Structure formats: structure tokens, C-alpha cells
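This report concerns only the one structure given below.
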Amino acid sequence: MNEHENAFPMDFWAEDPSPSPWTFQPEGYLVVILSDADEANRAESSLVSQGFASRDIKLYTGKQILENYEVYQGRRSVTDKVVGAVTADSEGRELYLGYAREDRCAMWVRIPDENDVPKALRVLADHDYVHTRYYGSDGQTDFSVS
């Protein structure tokens with residue numbers, strides 16, 4: 001598998017000059033917001049030990065998320081901004097950026113089969129996460145921890 005074939009949806013922020021990263025519709029990804037990078041590394045290790053492939057897991061620190069977003073914002077034209085304001089999931093974007101500003105870590109897990117999501121959630125139950133979203137074939141599902 002080459003590097004581009006193993007790219008995650010958020011990898012295109014820094015690479016793709018189009019506005020698509022904020023209007024994308026990823027499918028088959030579980031996004032877990034964890035308390036910090038150390039906890040994200042522990043959660044990744046737990047998933048791998050339970051059979052999830054390490055190549056299907058990618059971590060983004062809060063700093064990386066904010067830096068990528070800044071690059072993305074700097075490349076957008078006025079038209080992109082107007083169209084994006086109408087079509088983008090602004091609530092989801094602000095939630096994601098808010099967690100990044102709190103220096104939370106986002107862990108993206110490629111899970112194409114929705115039937116495997118409960119297993120991942122069981123593995124993650126003992127980890128310090130605050131929010132989880134699964135992008136499935138029928139849309140997105142949010143799981144919050146209070």
C-alpha cells in the first residue's frame with residue numbers, strides 16, 4: 001500500500017488546495033477525541049492489541065489540527081468561503097476545532113464495516129475520551145461521554 005492509498009480524510013488539509021476537507025463526507029471512519037496525546041497512544045495500542053491494524057489508525061494532536069486548519073483557511077478564496085458557509089458542517093467543524101484548542105487529540109480509525117464499531121467502542125471504554133463520531137454509509141453517529 002503506498003502512502004497516498006493510506007491517507008486519512010484529514011491528511012488532505014495540508015495537501016489539497018481545494019475547500020473539500022471541510023465539506024468532505026468520509027465514510028467508514030471512527031473519530032475519537034481523547035484527553036491528550038499520551039492517552040491517544042494508549043488507546044491506539046489497545047486497539048492494535050485487539051486486532052485493529054495500526055495502518056488503519058492515525059493520531060492528530062490539537063496543535064496539528066489547528067496548524068492544518070490555518071493552512072487550509074489561508075488557501076481559501078472568497079467564493080470557497082461563501083459556498084463553504086452554506087454547505088459545510090460548521091457545527092462539526094467548530095466542535096472538532098474546539099477540542100483541538102483544548103489540546104485534545106483526535107484518533108481516526110478506519111472501520112469500513114459498521115459491525116466492527118461496537119468492538120472498537122468496547123476496547124476504548126477504559127480510555128479517557130470525550131467524544132466519538134462514526135462516519136458510516138447512512139451518515140454520522142455521535143457518541144458523547146459525560
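Coordinate-derived values only; no laboratory data. Since the structure is predicted, the reported quantities are computational estimates derived from the model, not experimental observations. Here the Cβ is made from the backbone with ideal geometry for all residues, glycine too, and neighbour counts use every protein chain on show.
Can you report the principal axis dimensions of the range 97-146 using only the alpha carbons, biggest first, rounded to whole angstrom?
31, 24, 19
Cβ neighbours within 10 Å, averaged per peptide: list 111-119, 130-138, 28-36 in order, most packed at the top. If you can, show how the numbers build up before the last one.
Details: 111-119: 13.1, 130-138: 16.1, 28-36: 21.3.
Highest mean packing first, the order is 28-36, 130-138, 111-119.
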